[in-house]
There are 2 protein chains.
Amino acid sequence: MNTADRLGERKIIETIWKHLDKAPIISVPFGDDVSAIEYGDDNLVVLKTDMLVGKTDVPPCMSYWQAARKAVVMNVSDLAAKGVKPLGLLVSLGIPRNLTKQDIEQIGKGLNAGVREYDAYVLGGDTSETHDLIISVAAFGLAKKRALILRSGAHPEDIVATTGLFGLTSSGLKILKEKLAAPRKIRKKLVDAVLMPYARLKEGLALAKTGATTASIDSSDGLAWSLHEISSASNVGFIIDAPPIAQETYRFAKLHNLDPLALSFYGGEEYELIATIKPEHWRRVKEAVVQQGGNLLKIGKTTAKKTLLVKYGGKLIKIEARGYEHFKYNGSD
Amino acid sequence: MNTADRLGERKIIETIWKHLDKAPIISVPFGDDVSAIEYGDDNLVVLKTDMLVGKTDVPPCMSYWQAARKAVVMNVSDLAAKGVKPLGLLVSLGIPRNLTKQDIEQIGKGLNAGVREYDAYVLGGDTSETHDLIISVAAFGLAKKRALILRSGAHPEDIVATTGLFGLTSSGLKILKEKLAAPRKIRKKLVDAVLMPYARLKEGLALAKTGATTASIDSSDGLAWSLHEISSASNVGFIIDAPPIAQETYRFAKLHNLDPLALSFYGGEEYELIATIKPEHWRRVKEAVVQQGGNLLKIGKTTAKKTLLVKYGGKLIKIEARGYEHFKYNGSD
């Protein structure tokens, strides 16, 4: 029988979506990082919801404080990718019966720490009793329609850039879940990438403000999958000639005979932004992001031909269309 | 130890809330049916989130279609109580591994049926893998600040009214959960109240439009609890001299030697609106609701003295501050 675990997350979403009437005025196509609805002249209410589930999203050693903060980051990251400042968040909590008052306080503090990092507030919420910890967040912001960066605006010969390096989270998850070892110096960085992710909000806002960012996505489903998403929304290919692999990823991979490319491209739960930028504006865009305290790394370019390739170890390798997906465990290597 | 099951839902919410920084501009006090944030001149984005959980919110015999529809109704009902039309909903789904494709299709269809009943749309969402079915909905609408009906505006001597009669759902739950019997004719009505609840949106919009509704709340936590909420937010008491008890509630109660008053006042999951209305405008307000195809039943009045009383069986009885609460099973009788 076709059960959820065989269908996988994306087929489930497709199945649900097929049965939904489409709103007449849609400013953001289904499947983009956020949803939006128009009001007044050229204005959008931008919305995002994402659910943190204990079993799948809270790795060993992550505290309740960190889990609650992460639930916020997951949602802010999607708004960041569109260049939208979060104004308020609502939180639906599912609390297991055996959580202590201290645990619940940590959840409250973690939620608050998360929203305040991004200058937003928790406006309200709801609590239910659940078997496993559930923190379902809905975030919203306001935007001008023209200012929103969709996944669909990339053109051939745009520069592809990321706000940081990859492979830290998938390495960190191997340390936490599979108990793989790592030297103390890099261990902290890899584990922190999992436990204390950051949404690239200031970077996303800066990217949107330049007017030269043609497409953007967050990388929470993995670098490879996110590139494929932009590819299919914008109808372009990619050639990545400077794969954004962190030094720590290389070192961890070497230690355990893992593939650094796989760790960096087919992981997930990384919250870097991936953006395509008009090449004539590259310097200005990079400067705008750096001025906000962020970074922007040129990793390649878009192509008219719809193939996704990465130059690695002197070879051109095809970037597969896989990444993190709930229900399916087609992980990072 | 102070665990979640001992704290109960309201203490948990209080614990979380204590640790949250408060947004500087709050148009709706915490704890009201919805949250809101101001934009521009006198405009509000109004938001609500509520989570349906299989174990606690989906009684036996409720289909996936009905559960998904109910998750929508739960959220629309809160917007309705404030007089706000829902524009869009986001849905975070938690799907157990063993759900079939057919089950998932039913969820999609049920979500769509729910939103279309209220002329809204599902704009987006997210899917995760969970142990139990979770349907977390976030609904939003736009409103003029002055048009929003809060819980806090009731004055002494206002008329108290409801959009319907009570006790059907708690009776229906006893049929479904405790297998109590009922004659076929009333059984259907009682069970339908549980499986096919309706949000009183047209009533809520009409109530708000009159400008004569001073406070309003939905009754999903039970009639008694909702009256207590208005009481504490508006600093008034109530005297209910025509308790809104359905004929079917009386009949079902008699059959099983239950208390019709308890079934009607201390149930929950009922989605009638409870409103307080300026007495000089009563006829006009009632007509406005009836014209929209709804009903408005005068059940009593507010009092300056902060006691909550109901006239029943020739006696004045105190209305206790209890109702449906997650974690705590202080149910309807």
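When B:VAL91, B:VAL76 are screened for being surrounded by 20 or more Cβ atoms within 10 Å (Cβ to Cβ), more than 9 Å from chain A (Cβ to nearest Cβ) and of a type in the set (A, V, I, L, M), only B:VAL76 passes.
Counting only strands (runs of 3 or more DSSP E) wholly contained in the range B:227-333, no element carries 2 or more residues that are within 14 Å of chain A (Cβ to nearest Cβ), free of Cβ contacts under 8 Å to residues at least 24 places away in the same chain and charged (D, E, K, R).
If you filter the range A:40-58 down to residues that are over 20 Å from B:ASP132 (Cβ atoms) and within 20 Å of the chain's Cα centre (by Cα), you find that the one that is nearest to the other protein chains (Cβ to nearest Cβ) is A:LEU47. The residues of the range B:174-197 that are buried (at least 20 other Cβ atoms within 10 Å of the Cβ) and either part of a loop (DSSP other than H, G, I, E, B) or hydroxyl-bearing (Ser, Thr, Tyr) (or both), listed by number, are B:ALA182, B:PRO197. Looking at the structure I just gave you, is A:LYS11 facing chain B (nearest Cβ under 10 Å), over 14 Å from B:LEU93 (Cα atoms) and surrounded by fewer than 23 Cβ atoms within 10 Å (Cβ to Cβ)? So A:LYS11 fails the test. Among the residues of the range A:17-39, the ones that are over 24 Å from the mean Cα position of the chain (by Cα), assigned to a loop (DSSP other than H, G, I, E, B) and either more than 8 Å from chain B (Cβ to nearest Cβ) or among the acidic types (Asp, Glu) (or both) come to 3 in all. Filtering B:LYS82, B:LYS70, B:LYS145, B:LYS109 for residues that are surrounded by fewer than 22 Cβ atoms within 10 Å (Cβ to Cβ) and in contact with a helix residue (DSSP H, G or I) (Cβ under 9 Å, 6 or more places away or on another chain) leaves a single hit, B:LYS109.
Checked against (1) within 23 Å of the chain's Cα centre (by Cα); (2) more than 8 Å from chain B (Cβ to nearest Cβ); (3) not in a loop (DSSP other than H, G, I, E, B), A:MET62 passes all but condition (3).
Of the strands (runs of 3 or more DSSP E) lying entirely inside the range B:100-172, the ones with 2 or more residues being in contact (Cβ under 8 Å) with a residue 24 or more places away in the chain and within 11 Å of chain A (Cβ to nearest Cβ) are found at B:121-129, B:134-144.
Closer than 30 Å to A:LEU190 by Cα and hydroxyl-bearing (Ser, Thr, Tyr) - does that describe any residue in the range A:37-52? Yes, the range A:37-52 contains a residue that is closer than 30 Å to A:LEU190 by Cα and hydroxyl-bearing (Ser, Thr, Tyr).
Okay, residues lined up against (1) assigned by TED's automatic domain parsing to the domain that holds B:SER226; (2) under 30 Å from B:ALA206 (Cα atoms); (3) under 22 Å from the mean Cα position of the chain (by Cα); (4) surrounded by fewer than 17 Cβ atoms within 10 Å (Cβ to Cβ):
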residue: B:ILE104; (1), (2), (3), (4): no, no, no, no
residue: B:TYR118; (1), (2), (3), (4): no, yes, yes, no
residue: B:LEU123; (1), (2), (3), (4): no, yes, no, no
residue: B:SER128; (1), (2), (3), (4): no, no, no, no
residue: B:ALA138; (1), (2), (3), (4): no, yes, yes, no
residue: B:LEU168; (1), (2), (3), (4): yes, yes, yes, no
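Is it the case that the range A:69-83 has a residue that's within 19 Å of the chain's Cα centre (by Cα) and free of Cβ contacts under 8 Å to residues at least 40 places away in the same chain? No: the range A:69-83 contains no residue that is within 19 Å of the chain's Cα centre (by Cα) and free of Cβ contacts under 8 Å to residues at least 40 places away in the same chain.
Looking across the range B:115-132, the residues that are among the charged types (D, E, K, R) and within 18 Å of A:ILE25 (Cβ to Cβ) come down to B:ARG116, B:ASP119. Scanning the range B:91-116 for residues that are of a type in the set (Lys, Arg) and either out of contact with any Asp or Glu (no Cβ under 7 Å at 6 or more places or on another chain) or over 22 Å from A:THR130 (Cβ atoms) (or both) returns B:LYS101, B:LYS109, B:ARG116.
Of all the residues in the range B:207-226, those that are crowded, with 24+ Cβ neighbours inside 10 Å and outside any helix (DSSP H, G or I) number 8. Kindly indicate whether any position in the range B:287-295 is crowded, with 19+ Cβ neighbours inside 10 Å, out of contact with any Gly (no Cβ under 8 Å at 6 or more places or on another chain) and among the small types (Gly, Ala, Ser). Yes, there is a match, as at least one residue in the range B:287-295 is crowded, with 19+ Cβ neighbours inside 10 Å, out of contact with any Gly (no Cβ under 8 Å at 6 or more places or on another chain) and among the small types (Gly, Ala, Ser). Looking for something over 30 Å from A:GLU9 (Cβ atoms), in contact with a Phe, Trp or Tyr (Cβ under 8 Å, 6 or more places away or on another chain), at pLDDT below 95 and crowded, with 18+ Cβ neighbours inside 10 Å - is there at least one such residue anywhere in the range B:16-23? Yes, that holds for at least one residue.
Restricting attention to the range A:274-333, the residues that are farther than 18 Å from A:LEU165 by Cα, modelled with pLDDT under 95 and of a type outside the set (D, E, K, R) add up to 7. Across the range A:101-123, the qualifying residues are those that are small (Gly, Ala, Ser) and in contact with a Ser or Thr (Cβ under 9 Å, 6 or more places away or on another chain), and the one among them that is farthest from A:VAL84 (Cα to Cα) is A:GLY108.
Residues in the range B:25-57 that are surrounded by fewer than 21 Cβ atoms within 10 Å (Cβ to Cβ), farther than 16 Å from A:LEU87 by Cα and touching a strand residue (DSSP E or B) at 6+ places or on another chain (Cβ under 8 Å) were compared, and the one that is modelled with the lowest pLDDT is B:PHE30.
The values are calculated or read from the model by the stated rules, or taken from the named source; none is laboratory data. As the structure is a computational prediction, the values presented were derived from the model and not from experiment. Note that we place each Cβ from the backbone using ideal geometry, even for glycine, and neighbour counts take in every protein chain shown.
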